[in-house]
Amino acid sequence: MRSLRCFLLFLFLFQGAFAAAGKIWSRTEMVEMAGYGEQKLSSVIITGSLLCDTSRPHLPSIAIPGATVAIKCHTGYKRRSKWIKAVTDDLGEFEIDLPSQLHAIPDMENTCVVKPVHVPKLYRCNHRSTNAHKRIKLVSSNNGFRVYTSGKIKLQGQSSRS
């Protein structure tokens, strides 16, 4: 917001200089030239799935719908981004669209981790005792659109007490 105010002040003070160049640009054109336009220049999507491992060979891992997962990235020395959260769908899959201020993080695969934050009690999977932090891996990159995945995050099922 502050940078937009500075830009508008710049526009107001130097409006005569732009007019002298032979063309008067509209506010929309000036904002686009400064890089503050409506069009997204890049997108970074993080995908993955959350499963509850039953630890029984004859039973497959089950998807955990309604769970909350989050991603955090190191953005500099002793600075981290805030946790960015998403909720898993009916198949236990999630998708996180990173905010644009995180798109330029170098070596994103080694600076960002995904972890489960909340698992519905119905699934009896323990997301606190296991180290469920998972790094991401680049899957696709094309025309400013990057997709990373954390793959399958498997949580240990809690044993039922008799």
Counted residues, the stretch 79-106 - those being small (G, A, S), part of a loop (DSSP other than H, G, I, E, B) and either modelled with pLDDT of 85 or more or over 30 Å from C52 (Cα atoms) (or both): 2
Residue check for A86: within 14 Å of the chain's Cα centre (by Cα) and surrounded by fewer than 11 Cβ atoms within 10 Å (Cβ to Cβ): no
Hits in the stretch 55-77 - residues which are surrounded by 10 or more Cβ atoms within 10 Å (Cβ to Cβ), under 29 Å from the mean Cα position of the chain (by Cα) and either of a type in the set (F, W, Y) or closer than 18 Å to N126 by Cβ (or both): S61, I62, A63, I64, P65, G66, A67, T68, V69, A70
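The values are calculated or read from the model by the stated rules, or taken from the named source; none is laboratory data. None of these values were measured; they are calculated from a predicted model. Don't worry about glycine lacking a Cβ; one is built from the backbone with ideal geometry, like all the others, and counts go over all protein chains shown.
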